[in-house]
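Trainee: What follows is a single structure, and I will ask about it in a moment.
The values are calculated or read from the model by the stated rules, or taken from the named source; none is laboratory data. Worth saying up front: this structure is predicted, and the values here are computed from it rather than measured. Quick reminder, even Gly has a Cβ in these numbers, built from the backbone with ideal geometry, and neighbours come from all protein chains shown.
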């Protein structure tokens, strides 16, 4: 914490959930190595940066057992940072929704006259095969945001979540979660071009990470990526002379689209993990 941070702390009861983590990559820090508490919370996967600020304002964050209530407070990466029971309980009520986004919907905010995908999440469009015991509530739409994106002309699995931990795992800078796509293409593909799709292409002057690309059938390629540049697959195909006719995301990490119909959604099941 900056300066005499402990002097600014109010005495309070130690949190009921705690855990010490090894030093995280600190990023920007002050001269004595202290880092914003909100950044440390995010790096340790305890909550998102946005959630951290809210929790700090409510007095739900503790550094070495002492409550932190001032935004911008810093701590050493080796200090114990914990969340109160109230913060954990709030996180326990946050939902993650799996949506089969149809073509013609944008992933995020409405734009160009097109509706956002979140507009499809309503009681009547819930997948009949959803076996989770969660009862739909309008409160589940509050703060619901896409963790990743699908282009307007693409379809398939889109994750919408209230949980910043889920969002960070899927789209954080250090995320290595695989995304799998079925891509219908037009054109010929030589063995050398297929090898370049797997590794060797660059976009915007930056080399792409290795991918896994193979023929799914005579008309479709199967792509598995660990990154998500803007319109990446379409641009990769253009570089090797292919035209994309259709693109569907069928898997994110360990979660599959399965038999979820277009325009329908379901809750992430308790046992499912990305």
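Trainee: Across the stretch 97-113, what is the total count of residues that are closer than 30 Å to residue 272 by Cβ, surrounded by fewer than 20 Cβ atoms within 10 Å (Cβ to Cβ) and out of contact with any helix residue (DSSP H, G or I) (no Cβ under 9 Å at 6 or more places or on another chain)?
Mentor: Residues in the stretch 97-113 being closer than 30 Å to residue 272 by Cβ, surrounded by fewer than 20 Cβ atoms within 10 Å (Cβ to Cβ) and out of contact with any helix residue (DSSP H, G or I) (no Cβ under 9 Å at 6 or more places or on another chain): 3 in total.
Trainee: Across the stretch 53-96, which residue is farthest from residue 143 (Cα to Cα) among those that are without any contact (Cβ under 8 Å) to a residue 24 or more places away in the chain and touching a helix residue (DSSP H, G or I) at 6+ places or on another chain (Cβ under 7 Å)?
Mentor: Among those that are without any contact (Cβ under 8 Å) to a residue 24 or more places away in the chain and touching a helix residue (DSSP H, G or I) at 6+ places or on another chain (Cβ under 7 Å), it is 56.
Trainee: Out of curiosity, is residue 117 assigned by TED's automatic domain parsing to the domain that holds residue 256 and out of contact with any helix residue (DSSP H, G or I) (no Cβ under 7 Å at 6 or more places or on another chain)?
Mentor: yes
Trainee: Take residue 108 and tell me if it is within 19 Å of residue 169 (Cα to Cα), in contact (Cβ under 8 Å) with a residue 12 or more places away in the chain and touching a strand residue (DSSP E or B) at 6+ places or on another chain (Cβ under 8 Å).
Mentor: When the stated conditions are applied, residue 108 passes them.
Trainee: Also: Which condition number in (1) in contact with a strand residue (DSSP E or B) (Cβ under 8 Å, 6 or more places away or on another chain); (2) surrounded by 13 or more Cβ atoms within 10 Å (Cβ to Cβ); (3) assigned to a loop (DSSP other than H, G, I, E, B) is the one that residue 143 fails?
Mentor: Residue 143 satisfies every listed condition except (1).
Trainee: Let me ask you something else. Does any residue in the stretch 147-174 that is at positive phi come within less than 6 Å, Cβ to Cβ, of a residue that is assigned to a loop (DSSP other than H, G, I, E, B) six or more places away or on a different chain, and which pairs are these?
Mentor: If the second residue must be assigned to a loop (DSSP other than H, G, I, E, B), the pairs left are 156/257.
Trainee: Can I ask one more? With the structure loaded, tell me whether residue 246 is in contact with a strand residue (DSSP E or B) (Cβ under 7 Å, 6 or more places away or on another chain), within 25 Å of residue 125 (Cα to Cα) and surrounded by fewer than 19 Cβ atoms within 10 Å (Cβ to Cβ) or whether it fails that test.
Mentor: Here the answer is yes, as residue 246 does meet what is asked.
Trainee: Continuing with this model, one more query. Within the stretch 35-48, track down each residue that is surrounded by fewer than 23 Cβ atoms within 10 Å (Cβ to Cβ) and either under 22 Å from the mean Cα position of the chain (by Cα) or not assigned by TED's automatic domain parsing to the domain that holds residue 83 (or both).
Mentor: Of everything in the stretch 35-48, those that are surrounded by fewer than 23 Cβ atoms within 10 Å (Cβ to Cβ) and either under 22 Å from the mean Cα position of the chain (by Cα) or not assigned by TED's automatic domain parsing to the domain that holds residue 83 (or both) turn out to be 39, 42, 43, 44, 45, 48.
Trainee: Since residue 186 meets every condition but one in (1) touching a helix residue (DSSP H, G or I) at 6+ places or on another chain (Cβ under 9 Å); (2) modelled with pLDDT of 95 or more; (3) farther than 21 Å from residue 93 by Cα, which condition does it not meet?
Mentor: Going through the list (1) touching a helix residue (DSSP H, G or I) at 6+ places or on another chain (Cβ under 9 Å); (2) modelled with pLDDT of 95 or more; (3) farther than 21 Å from residue 93 by Cα, residue 186 breaks only (1).
Trainee: Right, here's the next one. From the residues in the stretch 49-81 that are surrounded by 20 or more Cβ atoms within 10 Å (Cβ to Cβ) and within 22 Å of the chain's Cα centre (by Cα), which one is farthest from residue 166 (Cα to Cα)?
Mentor: It comes out as 55.
Trainee: Of all residues in the stretch 194-253, which are in a loop (DSSP other than H, G, I, E, B) and within 21 Å of the chain's Cα centre (by Cα)?
Mentor: Of everything in the stretch 194-253, those that are in a loop (DSSP other than H, G, I, E, B) and within 21 Å of the chain's Cα centre (by Cα) turn out to be 208, 209, 210, 211, 226, 227, 228, 229, 230, 231, 253.
Trainee: Kindly provide the set of residues from the stretch 105-134 that are over 19 Å from residue 261 (Cα atoms) and in a strand (DSSP E or B), ordered by number.
Mentor: 111, 114
Trainee: Do the conditions hold for residue 227, that is, is it farther than 16 Å from residue 149 by Cβ and either modelled with pLDDT under 95 or in the same structural domain as residue 194 (by TED's automatic domain parsing) (or both)?
Mentor: Criteria not met by residue 227.
Trainee: Yes or no: the stretch 149-156 includes at least one residue that is outside any strand (DSSP E or B), within 15 Å of the chain's Cα centre (by Cα) and surrounded by 20 or more Cβ atoms within 10 Å (Cβ to Cβ).
Mentor: Yes, some residue in the stretch 149-156 is outside any strand (DSSP E or B), within 15 Å of the chain's Cα centre (by Cα) and surrounded by 20 or more Cβ atoms within 10 Å (Cβ to Cβ).
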